[in-house]
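First comes the structure, then the notes that go with it.
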Amino acid sequence: MAHRPSEKPRLLSGGNPQIPKGDGDGPVQAYIDAMPGWKRDVGRHLDGLIVRTVPGVRKAVRWNSPFYGVEGNGWFLGLHCFTKYVKVTWLNGSSLDPLPPGDSKHERVRYLDIHEDEEFDEELVESWIRQAADLPGDELF
């Protein structure tokens, strides 16, 4: 059955919204609007920070996750909801300084997990966004 705008997206494991694949701001905003509870505010805050830091940023939803990239330079960041946190995936995170705290089995990827009632260092995240957008990203799709 096709998703209708008046229907709420189904939440998958961990509360991750099931959003159809799509390019542009619309699918990303649909994902953020469907993020459960406190995670929605985190999603809105991160999206706004990314848009302010990287003018003209590309957006898409793939694999029920929003991705951010730079035209001609690949994708640099993704978001995903888990039960107790929002995971920020830095696709070229091993090149960021300082390194984001979360290790990955993928050599270039690093993570930042944001938990409820946890403040994140906005200046540091903005620095990572700026650095990541300037580095070669991944051509995921």
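Just so you know, all these numbers are worked out from the coordinates, no wet-lab data involved. Just so it is clear, the structure is predicted and the values come from calculations on it, not from any experiment. We place every Cβ from the backbone using ideal geometry, glycine too, and count neighbours over all the protein chains shown.
Hull volume per residue, based on the alpha-carbon atoms of the chain and their convex hull, is 110 Å³.
Any chance you could count the Lys pairs in segment 13-134 whose alpha carbons are under 18 Å apart, treating pairs 8 or more apart or on different chains as valid? Each step should come with its number before you reach the end.
Values: 21/59; 39/84; 39/87; 59/87; 87/105.
Taking segment 13-134 as the scope, the lysine pair count is 5.
On a 0 to 90 degree scale, rounded to 10, what angle separates helix 25-34 from the longest Cα axis of the chain? The angle comes out at about 70 degrees.
Report the FRET efficiency, 1/(1 + (r/R0)^6), for residue 115 and residue 12, where r is their Cβ-Cβ distance and R0 is 25 Å, rounded to 0.05. Before the final figure, lay out each step's value.
Working: r = 19 Å, r/R0 = 0.78.
Efficiency, from the Cβ-Cβ distance: 0.80.
As a rough guide to protection, the peptides 86-94, 16-24 ranked by mean Cβ packing within 10 Å, highest first, stand as 86-94, 16-24. So how tilted is helix 38-53 from the main axis of the chain? Cα-based, degrees 0 to 90, rounded to 10. Between the helix axis and the principal axis of the chain, the angle is about 50 degrees.
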